[in-house]
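Where a number appears in this text, it was derived from the coordinates with a stated rule and is not lab data. What you see is a predicted model, and the numbers here were worked out from it, not measured in a lab. Cβ sites come from the backbone with ideal geometry, for glycine too, and all protein chains shown count toward neighbours.
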Amino acid sequence: MLTILTILGALGIFLYGMKVMSEGIQKVAGNGMRTALATMTKNRFSAILTGLFTTGLVQSSSATTVLVVSFVNVGLLTLVESIGVIMGANLGTTVTAWIVASIGKFSVTKIALPIIGCGLPLFFVGKGKWKFIGEVLIGFGLLFFGLGELKEAVPDLKSAVKSGDMDTINTLRGIVGWIQATGFMSVILFMCAGVILTLVVQSSSAAMAITITFAMQGWLGEDPMVAFKNSAAIVLGENIGTTVTAWLASIGSSVAAKRAARAHLLFNVIGVVWMLIAFSIFTDFIWSLADSLPDSLKSAKKDFGKSEVAFATAVFHTLFNLINIGVLIWFVPQIAKLVKKMVKDKEEDSSADPVRIKYISQSLVDLGELNIVEAEQAVANLSNHCTKMFAGYTEVFEHPERDMSKQVVHLKAMEDEADLMMHDITEYLVRCTSKEVSPHLSERITGLLRMTAELEECSDAIYRLIKIAERRYNKGRQFSEEQLSTIRELTALISDFLSFCENRILGQISPAETQQAEDIREQIKSLTKSSNKAAMKRMAEGNVKVEMLNIDTNNQLNVIANHLMHVVQTSAEVS
């Protein structure tokens, strides 16, 4: 029991170190990683490199694929682009195998503590990026320290024999021997063990660390080649197990996001199927490479061929993913067609509800720094929603002779939808800040929250305009040509202002563009003021009810202009 708890403790240090390092890297390079994922995926080759780079940094293919699913959910990535990133993520996770394999040749604990020692002063004294670099170093050191402790915690089989606990050892030998006696079925059984292991620890990297460590210490077979083949089968299972996270993340998402998750599963399953067919030949080839290692890299006889097992497993994992990518990259369009058949469009059409953003948290690696892209896109969608809603109001205003009751009901539904979008975005952004984020991102989130609130206020003002127009038609109030001309001029300015905001809400806004927005706002304010003054004069002539409707319309248009100006100012401050 003490050994099991020690192994769990070592694994905990490894996982926590990976979490700290990953979140620190997001704070240091999160903006660049977000930009890369959103823009550097236009062809399948650059998408693979982006997936490789992102996974290599955050050390979690599950985190990358969950992020891909969320990007697809809001339309930032197409299905074909997402498949390329997923391929790269599979290759990126092989870095862990090489790190773990290195513990067979030198004591990583010797460099772990000095790395933590370098990071500690930066973390406590440093400011801005230096503080986050310190966090990365501490996480990296803890990751190495955990690997070293895991190696020490898992006893060598020969040492365990000498210690005399023969009942446990004979039981384990019996289990491994029974599985081996099943022939090819042993590969399937060990593969299933890999799936279960990955599901339990919720990290393919941690599963890889456990697999290689146990194989090195002889617990997967006393013969080094047998241990390697068993560990290779477990690795295949880990490749399938890691797809479950993305599958779960796609639940409740758009059809496109579900297709991205299915593509991840399909890609890995196809790879595992062909590898099972070629398993014996491929593993023999890999072991021959391990056997041809220089003597300086080989293990001493007393060390059970630890270096060879670790090296062979790392090479197997890397070559398997490289070949899988090299073959399937040419069939990305076909894979996309297949997953489209697996997830039908009618699933999306069957629901009238709009796609809502969903914060997908991972128990291991928090993606707050990277998930912000989805929130930004949702704010842009809210801006577009307001533009469409105002266009609907213009149609209602311009056609008093028609029965516009259906349009009014539809616009009311749009206003309710805007309220729901604001709630979702606000909740999403608050969850993004549940962990410590970089100062720049904190400012960005604050700005997005304000822009969301201002845009929702715009939708409320637009709906009030619709109700004013409806009241005017129901009461038979008629505006004069002068009043209609002024309102049309104001609505044209508001339409331009909405388009101005929508086109720049997520980009860089220059001082000249801010001044341009200010000029539009001042033009609307001046026109509203002069129109209201004229309406007040006409009230003295006795036509009070029509003029009150005119003033209410002008005021609501001015309110929209003020909110849009706040959106532009906020975007300029945080861009």
Query raised in the report: Which length gain, in nm to one decimal place, applies between Met342 and Glu427 when the Cα-Cα distance is subtracted from 0.36 nm times their residue separation?
Result: 27.4 nm
Query raised in the report: Label-point separation (nm) for Ser495 and Asp419, each offset 7 Å from Cα along Cα-to-Cβ?
Result: 2.8
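Based on the Cβ-Cβ distance from Lys388 to Ile111, what FRET efficiency comes out when R0 is 51 Å, to the nearest 0.05? Kindly include the intermediate steps, with their values, before the conclusion.
Numbers: r = 58 Å, r/R0 = 1.13.
About 0.30, to the nearest 0.05.
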**Report entry** Cleavage-rule hits (GluC sites (Glu not before Pro)) in segment 535-575: DSSP loop, at most 12 neighbouring Cβ within 10 angstrom
**Finding:** Glu541
Report summary line: Taking a label point 7 Å from the Cα of His440 along Cα-to-Cβ, the residues of segment 504-520 whose backbone nitrogen sits under 17 Å from it are 506-509
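Could you tell me the calculated FRET efficiency between Glu395 and Trp247, based on Cβ-Cβ distance and R0 = 51 angstrom, to the nearest 0.05?
Computed FRET efficiency for Glu395 and Trp247 comes out at 0.75.
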Requested in this report: Give, as ranges by residue number, the residues of segment 511-540 whose backbone N falls under 17 Å from the point 7 Å along Cα→Cβ of Asn555.
Outcome: 525-540
Report summary line: Taking a crude spin-label model, label points 7 Å out from Cα along the C-beta direction, the Val200 to Lys412 distance in nm is 5.7
Query raised in the report: Want the number for Tyr16 to Trp330: 0.36 nm per residue separation, take away the alpha-carbon distance, what's left?
Result: 109.3 nm
Query raised in the report: Measuring from label point to label point, each 7 Å out along Cα→Cβ, what is the Trp274 to Ser405 span in nm?
Result: 6.3
Report task. Report the FRET efficiency, 1/(1 + (r/R0)^6), for Glu470 and Glu573, where r is their Cβ-Cβ distance and R0 is 30 Å, rounded to 0.05. Result -> 0.20
Report task. Determine the alpha carbon to alpha carbon distance for each of Lys27/Lys258; Lys19/Lys131; Lys475/Lys537; Lys388/Lys545; Lys406/Lys545 and list only those over 24 Å. Result -> Lys27/Lys258; Lys388/Lys545; Lys406/Lys545
Report task. For segment 406-515, calculate the relative contact order in percent as a whole number, restricting contacts to Cα pairs under 8 Å that are 6 or more residues apart. Result -> 30
Query raised in the report: Cα centroids of segment 500-575 and segment 177-197: how far apart, whole angstrom?
Result: 70
